[in-house]
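Heads up, the thing below is written out as structure tokens.
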Amino acid sequence: MHADSQIRLAAFNWLKEQTQIHGEVLSRQLLVEGFPFQDKQIPLMSPQGIFKPKDMKLPLTITTAPNGPYKDSIRDDGFLYYKYRGTNPNHRDNVGLRECMKQQIPLIYFHGLAPSKYELVWPVYIVGDDPEHLTFKVSADAFESVLYEIKQDPTAVSEIDIRRKYITTEVRHRIHQHTFRERVLNAYRNQCSFCRLRHPELLDAAHIIGDKEPEGEPIVNNGLALCKIHHAAFDNLFVGIRPDNYTIEVREDVRKEKDGPMLLHGLQEMHNRKIILPYETRDWPDRDLPGMKYEKFRKAI
């Protein structure tokens, strides 16, 4: 097996291990440090969006930085549109991706969700090149596509296209969810806005207005960082938030219950406390949204 292929497969296997430990959102530090291969350390990321480790001939990863200069996007047609590096179609990085397209070589895609947090998508393939708009068309695929050769007869190609569009559309949905989570937790400094619990593994980015409702946009102003118990209590109207002063109210029947320390300290003692707000006022909950939720809470009392 060629050295490029060996390193690429080793990278995929290492990332599979890391996702089992950390999930599909990885830190920039982890990706920059990379993974051991034989007697070397192979990084997976650099300041450049199109990255080729020095021990490889073709690119290994592509990255969209959070708030970066390039407007990469996954569109409704089921493809990721990834911008060239610079404006020269013949820049070596662009040439490298073009060669990956010709050979259908799998790549790794990192999408920046928030500072130092990246969504992992792999494998992805370059499936189109548009020099006029300085853009590559990219499609995600299943991990099995790396391990098994798929015969390129007309039927197989059609099946591959359908599978890749479906997977890429699923990736877009996942990226939107994870972007919302990372931005909300970052705004609330990785702590529950009710009880200050600071373990991200036990925190959720809760929608104030549910994402299936018209007003339930996945934006920070429609989010709260909540621990699992307070998220469930908020969603099920055990607690509400007064929109005028962001005070927590616990439903009266819940306050009268006697059911051990979890109920006492976890819910009842939250009554009349103010929620912990983000440092930046622009990230505070939109008062109209807690107001809509509060009306539902009042009807449940």
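The values are calculated or read from the model by the stated rules, or taken from the named source; none is laboratory data. Source: prediction; values computed, not measured. Neighbour counts are summed over all protein chains in view; Cβ atoms, including those assigned to glycine, are modelled from backbone coordinates with ideal geometry.
Taking A233, is it surrounded by 18 or more Cβ atoms within 10 Å (Cβ to Cβ) and either closer than 28 Å to S27 by Cβ or of a type in the set (S, T, N, Q) (or both)?
Numbers: surrounded by 18 or more Cβ atoms within 10 Å (Cβ to Cβ): yes; either closer than 28 Å to S27 by Cβ or of a type in the set (S, T, N, Q) (or both): no.
Considered against the rule, which asks whether it is surrounded by 18 or more Cβ atoms within 10 Å (Cβ to Cβ) and either closer than 28 Å to S27 by Cβ or of a type in the set (S, T, N, Q) (or both), A233 comes out as no.
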- Screening G210, G216 for residues that are touching a strand residue (DSSP E or B) at 6+ places or on another chain (Cβ under 8 Å), at pLDDT below 95, closer than 19 Å to H178 by Cα and in a loop (DSSP other than H, G, I, E, B) leaves only G216
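For residues that are touching a residue at least 40 places away in the same chain (Cβ under 8 Å) and under 18 Å from I301 (Cα atoms), tally how many sit in segment 209-233.
Filtering segment 209-233 for residues touching a residue at least 40 places away in the same chain (Cβ under 8 Å) gives 209, 215, 218, 220-225, 230.
Those still in the list that are under 18 Å from I301 (Cα atoms) too: 230.
Total satisfying the criteria: 1.
For the subset of segment 22-44 comprising residues that are assigned to a loop (DSSP other than H, G, I, E, B) and at pLDDT 95 or above, which member is surrounded by the most Cβ atoms within 10 Å (Cβ to Cβ)?
We begin by selecting, within segment 22-44, every residue assigned to a loop (DSSP other than H, G, I, E, B); these are 23-24, 34, 38-39, 43-44.
If we keep only those that are at pLDDT 95 or above too, we end up with 34, 43-44.
Numbers: G34: 17, P43: 15, L44: 25.
Applying the filter and picking the extreme gives L44.
Being within 28 Å of Y82 (Cβ to Cβ), at pLDDT 95 or above and in a helix (DSSP H, G or I) is the requirement here; does V171 meet it?
On the way: within 28 Å of Y82 (Cβ to Cβ): yes; at pLDDT 95 or above: no; in a helix (DSSP H, G or I): yes.
Judged against the criteria, V171 is not a match.
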- Considering only segment 64-81, how many residues are out of contact with any Gly (no Cβ under 8 Å at 6 or more places or on another chain) and either of a type in the set (V, I, T) or surrounded by 21 or more Cβ atoms within 10 Å (Cβ to Cβ) (or both)? 2
